[in-house]
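The values are calculated or read from the model by the stated rules, or taken from the named source; none is laboratory data. These figures come from a predicted structure and were not determined experimentally. Glycine also receives a Cβ, built like all others from the backbone with ideal geometry; neighbour counts cover every protein chain displayed.
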């Protein structure tokens, strides 16, 4: 996936891997969302974006439309395609791509009729590595949009920004 991202940016295949670090981690989270009589009043996961570079989600094939994504201030229901994975860009992808990739703002909703299960794998950069925009994406015509960040700083910024309804990416903008 990281090689494909580099190709999308017209960069060498290893460009994203070099910025990301070769010793990143993949953290897996399993979600169980019990059925809820009032799904309009309860979120499974409130609006957020992932800190990962990419997130790979295996949605529950038995419950349609549990994931919603935001684009241009509009919400869209993500359809469940049996056997398909949903892959989205995280905050680190937006930073490395200097804004070309967009970190997906999303929420998980509950369902009135049945519980929902999901599995998500978060592909994270090396924890100590400072990750920033790939230098080939910065020029006089395309300035640097984000500061460099490592996992410790990201987590600190998250604890400061999330309670205010802001995103870490806002704090990283130059």
Are any of the residues in the stretch 159-171 exposed (fewer than 14 other Cβ atoms within 10 Å of the Cβ), out of contact with any strand residue (DSSP E or B) (no Cβ under 8 Å at 6 or more places or on another chain), without any contact (Cβ under 8 Å) to a residue 12 or more places away in the chain and over 29 Å from residue 30 (Cα atoms)?
no
Answer residue from the stretch 85-97, given it is outside any helix (DSSP H, G or I) and surrounded by 21 or more Cβ atoms within 10 Å (Cβ to Cβ) and is farthest from the chain's Cα centre (by Cα) among those:
97
Examine the stretch 134-144 for a residue that is free of Cβ contacts under 8 Å to residues at least 40 places away in the same chain, assigned to a loop (DSSP other than H, G, I, E, B), closer than 19 Å to residue 53 by Cα and in contact with a helix residue (DSSP H, G or I) (Cβ under 8 Å, 6 or more places away or on another chain), and state whether such a residue exists.
no
Anything in the stretch 63-74 that is surrounded by 13 or more Cβ atoms within 10 Å (Cβ to Cβ) and either touching a helix residue (DSSP H, G or I) at 6+ places or on another chain (Cβ under 8 Å) or in a strand (DSSP E or B) (or both)? List them, or say none.
67, 68, 69, 70
Within the stretch 99-129, restricting to residues that are within 20 Å of residue 22 (Cα to Cα) and out of contact with any strand residue (DSSP E or B) (no Cβ under 7 Å at 6 or more places or on another chain), the one that is surrounded by the fewest Cβ atoms within 10 Å (Cβ to Cβ) is 128
Out of 52, 15, 25, which single residue is touching a strand residue (DSSP E or B) at 6+ places or on another chain (Cβ under 7 Å) and either under 17 Å from residue 133 (Cα atoms) or modelled with pLDDT of 95 or more (or both)?
52
